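In what follows, a single structure is set out as structure tokens and then discussed.
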Amino acid sequence: MEALILSFIDFLKQFSYLGLIIALTFEFVPAELVLPLAGFWVFEGDMNYWVAVLAGTLGGTLGPLTLYALGRYGGRPFLMKYGKYVFIKEKEINAADRFFGKYGAGVAFFGRFLPGVRTTISVPCGMARMNVWVFSTYTFLAMLPITAFYIYLGKQFGPQWKDVGTKAEEYMLPIAGLIILAGSLLIILKKSKKKITA
């Protein structure tokens with residue numbers, strides 16, 4: 001499967017930055033594979049780092065909109081029936097649902113930092129009919145540092161760009177923990193302020 005995805009990405013490389021955007025709009029194409037490869041292209045001098053980061057962030061924002069739309073217009077029954085065809089499992093939808101229930105609209109940002117929730121978090125956002133502009137803004141703001149991080153590692157690893165995945169996860173989990181902790185504290189502070197002013 002990975003070889004097939006890599007062939008697809010390699011085909012899109014001929015379209016340069018547009019190809020990078022297109023690759024990331026397909027949710028079945030893992031960003032963890034595309035972005036380090038883009039970093040390797042930066043290493044080779046085929047792409048500019050910052051333009052690649054911008055293209056990757058745009059693609060990483062457009063892709064989740066497809067799952068958001070599936071959640072919003074198809075709903076849970078549709079996803080349970082047809083989700084398997086776009087590599088969405090019931091277990092992932094349930095995890096994303098729980099996460100959305102706990103953190104609300106902020107999951108469009110926080111969820112991007114968590115493996116296992118990162119992709120499917122768009123579904124409950126759509127099902128909850130979250131404002132599409134708020135959803136897109138949160139997604140863009142989360143994807144910007146993630147994209148910059150993965151492309152940077154791909155550039156640093158050079159020809160060994162495939163090793164980025166395991167290294168990135170070592171850093172991403174503690175970063176995700178800190179971001180979720182900070183987000184939880186903000187939510188608690190907001191709620192306590194509302195109680196005080198009420």
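The numbers here are math on the coordinates, done by the rules we state, and not lab data. What you see is a predicted model; the values in this text were computed from it and never measured. Note that we place each Cβ from the backbone using ideal geometry, even for glycine, and neighbour counts take in every protein chain shown.
Computed values, structure above
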{"quantity": "Highest to lowest packing among 44-51, 139-146, 155-162, scored as the average C-beta count within 10 Å", "calculated": "139-146, 155-162, 44-51"}
{"quantity": "Net lengthening on full extension, residue 136/residue 162 (0.36 nm per residue, minus Cα-Cα)", "calculated": "6.5 nm"}
{"quantity": "Cβ-based net charge around residue 47, under 15 Å, with every Lys or Arg adding one and every Asp or Glu removing one", "calculated": "-1"}
